[in-house]
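The values are calculated or read from the model by the stated rules, or taken from the named source; none is laboratory data. None of the values given here were measured: they were computed from a predicted structure. So basically every Cβ, Gly included, is an ideal-geometry build from the backbone, and we count neighbours across all protein chains shown.
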Amino acid sequence: MTPPLSRRTFLKSSAAAVGGLALAPPGARAAAGRNFSFVLLGDLHFDRPEHHDWAWMKKEKPDDVRQSENYSRITRDLTPRLFATVRETIADLNRSEATRVAFVLQVGDLVEGLCGSEELATKQNREALDFVRDAKLGAPFLFTKGNHDVTGPGAPEAFGKVFHPFLTEQARQVSSATGELTSARYTVECGGAQFVFFDAYDKESLEWFESDVAKRSAAHLFSVIHPPVVPYGARATWNLYSSAKDRTRREKLLGLLAGQRAFVLGGHIHKFSSLVRTAGRGRFAQLAISSIINAPEVKPKDTLSGVGEYTGDQIRVEPNHSPATEKERRAVYAAERPFVKAFEYADLPGYAVVTVSGANVTARIYSGVSRELWRTVDLRKLLMLPA
């Protein structure tokens, strides 16, 4: 299992003040001075055929064989094109904008996992990091833990052995912090924002998160969580703390995020979505990105726009997903709908550029491996929508 968190966290990179902090919760200061951008990537599922014990996989995970074969194709044919685009985007932004790119942020499932042994999982992780380094993106590369990153024999151990040292190295480039990262729970501060990387697969994460955000002083809080906090699309039970036994923990997390007026960044569903949810007297925005790009040319499908679309009918975007649970999934949306104040959805893979400029936070969404801008999401404006 992943070792327990070191009490050290990654702290501040600057202390100059900015104004216009209407969205910050009580106690947050006008902290951390410079404007900046970061590139946001969704799930990647880096994979190669030689990463798997296929006899083990066909016996233990037969339904995932075709998926892994497809991810290996994407890794070979399309992920290099995506990273070339990201590299070009970063170079152009750093030449032309005052908000330089501080880092690339990936929302988990960096690798496919399901390797069959710790040796193969270690090989997959190391080759994924070699790929990231060889891409020479021009910015540090941070990520959170996804379920596939720790799925299969030896995968949790390989995560700690390979990814913790890399994340320590990368986070230090962002925040000039000291201390070794010994968990997938960690915090980085940059400019006027605090980024809290939440390990959705560690039962101690919620208490750690509560303690960490209680010390917040930055103007903006970004919480990076692989699965959605608020469900969307057809997979209404794939969100964090979705089971009945975790209801109390979910309510606690919702309250913490809303009280902090947080921006939640995630993936897992392999679809784009933006939404706002209330809890108590607060609210938070959630943005999800997918970077599973199956073809060089992609177009948006199954677009849903407006809070009126946040109903049980949204499960129709994947009509073949678990028909036996349709009633249950519709009930989830009936319960959630009163608290959702904005909603967008699309089947469109790609990447985003998020810019933090004073009080403003915007996300530009790009389609596929291209430089084509699809949509701009004003995250700060979403938080200011009328109740």
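Condition check for TYR201 on (1) more than 30 Å from PRO80 (Cβ to Cβ); (2) without any contact (Cβ under 8 Å) to a residue 60 or more places away in the chain: one failure, at (1). Residues that are in contact (Cβ under 8 Å) with a residue 24 or more places away in the chain, in contact with a Ser or Thr (Cβ under 9 Å, 6 or more places away or on another chain) and of a type outside the set (A, V, I, L, M, F, W, C) number at least 3 in the following strands (runs of 3 or more DSSP E) confined to the stretch 290-387: 340-347, 350-357.
A single member of THR168, THR248, THR182 is in contact (Cβ under 8 Å) with a residue 40 or more places away in the chain and out of contact with any strand residue (DSSP E or B) (no Cβ under 8 Å at 6 or more places or on another chain), and it is THR182. Just one of (1) within 30 Å of VAL229 (Cβ to Cβ); (2) of a type in the set (Lys, Arg); (3) modelled with pLDDT of 95 or more fails for LYS123. It is (1). Of all the criteria given as (1) more than 24 Å from GLU157 (Cβ to Cβ); (2) surrounded by fewer than 22 Cβ atoms within 10 Å (Cβ to Cβ); (3) among the charged types (D, E, K, R), the one not satisfied by GLU189 is (2). Residues that are within 26 Å of LEU40 (Cβ to Cβ) and either in contact with a strand residue (DSSP E or B) (Cβ under 9 Å, 6 or more places away or on another chain) or of a type in the set (Lys, Arg) (or both) within the stretch 58-71 comprise just one, TYR71. Looking across the stretch 163-186, the residues that are among the hydrophobic types (A, V, I, L, M, F, W, C) and under 20 Å from the mean Cα position of the chain (by Cα) come down to PHE163, PHE166, LEU167, ALA171, VAL174, LEU181, ALA184.
Would you check if there is a residue in the stretch 94-106 being of a type in the set (D, E, K, R), outside any loop (DSSP other than H, G, I, E, B) and at pLDDT 95 or above? Among the residues of the stretch 94-106, not one is of a type in the set (D, E, K, R), outside any loop (DSSP other than H, G, I, E, B) and at pLDDT 95 or above, which makes the answer no.
VAL213 falls short on exactly one of the conditions (1) in contact with a helix residue (DSSP H, G or I) (Cβ under 6 Å, 6 or more places away or on another chain); (2) in contact (Cβ under 8 Å) with a residue 60 or more places away in the chain; (3) more than 22 Å from ARG133 (Cα to Cα), and that condition is (2).
Within the stretch 136-167, can you find the residues that are under 14 Å from PHE103 (Cα atoms) and surrounded by fewer than 18 Cβ atoms within 10 Å (Cβ to Cβ)? The answer is LYS136, GLY138.
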